């Protein structure tokens, strides 16, 4: 291939990788480019370099596709601000409310992958939104116990710790007709999982026990980047002591 052809094919592969729900098995060109990436070190080097220029990093390439991770300053980075905007949440929400969703994101990761080995071996645990909400609420309760069940001190509500804000929220709210409302921590977890499903990080599975969310390989690869993050490490440690295992779905 000429340098121009190589660059064009590399850019095409990156474009495919930015479409998380697309699979090489259903797109012939994508499949051929993934095979080329894995077999040709020169093409792989060019693709990696082009991705780096876009502040992207190739973290894996296999039969499921090209997995990309965006650096914080990448135009392709997905932020909590993007999440709030897409979900119609208030842009003037306080720090604690914004932190609540950050806590949920890390809590989901720790629930699915509490041990270092879980980030090495491919596995597909599943959980309901209620399972994860219960886990995060339990972590917050333990933090309160460690503080001697004393209310934390902070200057303003805007400085309220996310874990304390989480505890102050109801698990769910009920409408006047008795149906579950969209306010509360469990709906917030569910909204987050729905976003994850849109990006193929989890897959929705309907079971006799209700809706569950199965973690996908793309999520495991992304979570591996949390390793060494203090909040993730703390939640993972507490998750390891939780006796409720995430179900494995084959």
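Laboratory data are not the source of any read-out in this text; all were calculated from the coordinates shown. From a predicted model like this one, the values you see are computed outputs, not experimental measurements.
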In Å, the C-alpha Rg and Dmax of region 3-70 are 10.6, 29
Provide, as a two-decimal number, the C-alpha radius of gyration of region 1-141 over 2.2 N^0.38 Å, N being how many residues it has. 1.30
